[in-house]
Structures are given as structure tokens and as C-alpha cells.
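Visitor: One structure coming up, written as C-alpha cells, with questions to follow.
Rule-based calculations on the coordinates, nothing more; no lab input. Source: prediction; values computed, not measured. Note that each Cβ is placed from the backbone with ideal geometry, even for glycine, and that neighbours are counted across all protein chains shown.
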Amino acid sequence: MTDAQTQTNGAQPQTSGETRRAANAEQPGAKKNVKWAESPTLGLMETLYLPAIASGIGTTIRRMFVRNETRQYPEVEPIMPANYRGVHRLNRDSQGRVKCVACFLCQTACPANCISIEAAAAPKDDPAWQDRDKFPEKFEIDELRCIYCGMCEQACPVDAIELTSIYDLTGATREEMMFDKEKLLEVFDITSTTGKDPVRTTSGKLGPASEFVEPQATQLRS
């Protein structure tokens, strides 16, 4: 229908919202309880942002009469909560080996795709590795890309990766923020010797899959 025909018939031109509602109402099986949200109408004051500016000034004035607390950082370091998610670490087992079994679950669960793992077969000629099929030959985390959500430690079946309470992470280059296996194990050595184990470690026994269980021979029923 043209504009001339609309004016001739005396019908008012429809807005985009009215046109959309009319089109959906004509569809078979359309829901009658749909509530359409209309855009708010801005007045002169809202268009000039005067209420928002007045609200911001009011907040500033109120804070002027409140006593502020200044922390002398870095001379006085803050006390972080026990469940703070900071720099990662790779845990060691009772034999001093890396606890990771290279199952790639943490790499798969990571929403930021910041974990890179390369697996290698465990040396079967070494008696210390008889209980392992593989181990991480390369384990790398991009600390700049990480969002510290903790999904990697939740996905790990052997509790090999954890987030510590270390927060002051700095680096002059991007390469310094790439934590490889050796650096992650170093974080474990530092936190375990200084008593800064994450609350997930000190809460008791780790996951049910963190301890190696000797396979038991099954007896066939006659």
C-alpha cells in the first residue's frame, strides 16, 4: 500500500512495533500473552544527561565526608581470601612427579583456550612410572589470556592443577606471562613451603581419582 492510498483511506501510518505485532498476530498459533517492550521516551532533561550528571555529583559530594582507608601497598600486602583464584600451579605427587596425567580435560574445559598440553608416553623401563601411561611433556598456560574461572581445576580428575592466592603477577613481555611446566611446578614449591596452599588442598583429601589404586584381580564366577 502506498502513502497516497494510506492518506486516501484515512489510516494512520503504523510504527515498526505495531507492524511487527500485527504480523505476528496473523501467524497461526501465535501466543496471545506476549508483552512487547517499548523504547522509553526521553525528555529534554534526559537528552541533555542532566539527571545523570547531578547523580554523579551527588555521589562525589557524599564521598567527600566519608573517612577513606588508604592501604600502603606494596609495603603492606593485603590478606587475600582462602578461595582466591590467582596464579596457577601444577601439583606434585608423593614421589615428587608432576601429578598431571595428560588427560586434556582441563584444556578442553577451558573457556579461554589458554592451556596447551603435549602428552608423552611414560617410560615403562623406569620403576617410578609403572603406574602411569603418559605424562605432560609440555604444559603451558597463557596467564594473560586466562580469565581465572577455576574450570580447569574442577575438570581435573587427579587434582593436578590449582589456582593459588598469588595475585601480584607482572611481566615485562608476553613471553614472561607464559607459564610452562617448570614454572608451574615452581609455583607449587613456593606455595607448599610457605604455607599458602589453596583452600581446596587443605580442606582434606583431594579428589577420589588423585590416589593410584592397585588393580585387583577379579575372580570369574563358575
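Visitor: Among ARG85, ARG97, which comes first, second and so on when ranked by fewest other beta-carbon atoms within 10 Å? Present the calculation step by step, with values, prior to reporting the outcome.
Guide: Numbers: ARG85 19, ARG97 15.
Exposure proxy ranking, most exposed first: ARG97, ARG85.
Visitor: Moving to a separate point now. Counting other C-beta atoms within 10 Å, which of PHE104, PHE179, PHE135 has the fewest, and how do the rest follow?
Guide: The order, fewest Cβ neighbours first, is PHE104, PHE135, PHE179.
Visitor: Which order do the peptides 152-164, 116-128 come out in when sorted by mean C-beta neighbours inside 10 angstrom, highest first? Present the calculation step by step, with values, prior to reporting the outcome.
Guide: Numbers: 152-164: 20.6, 116-128: 12.3.
The peptides rank, most packed first, as 152-164, 116-128.
Visitor: A further question follows. Could you line up GLU77, GLU140 from fewest to most neighbouring Cβ atoms inside 10 Å?
Guide: Lowest to highest Cβ neighbour count: GLU77, GLU140.
Visitor: Give the total of Lys-Lys pairs in segment 88-202 with Cα-Cα distances below 13 Å; include a pair only if its members are 8 or more places apart or on different chains.
Guide: Taking segment 88-202 as the scope, the lysine pair count is 5.
Visitor: Right, another one. What distance in nm separates the simple spin-label points at LEU48 and ASP125, each placed 7 Å from Cα in the Cβ direction?
Guide: With each label point 7 Å from Cα toward Cβ, the separation is 8.6 nm.
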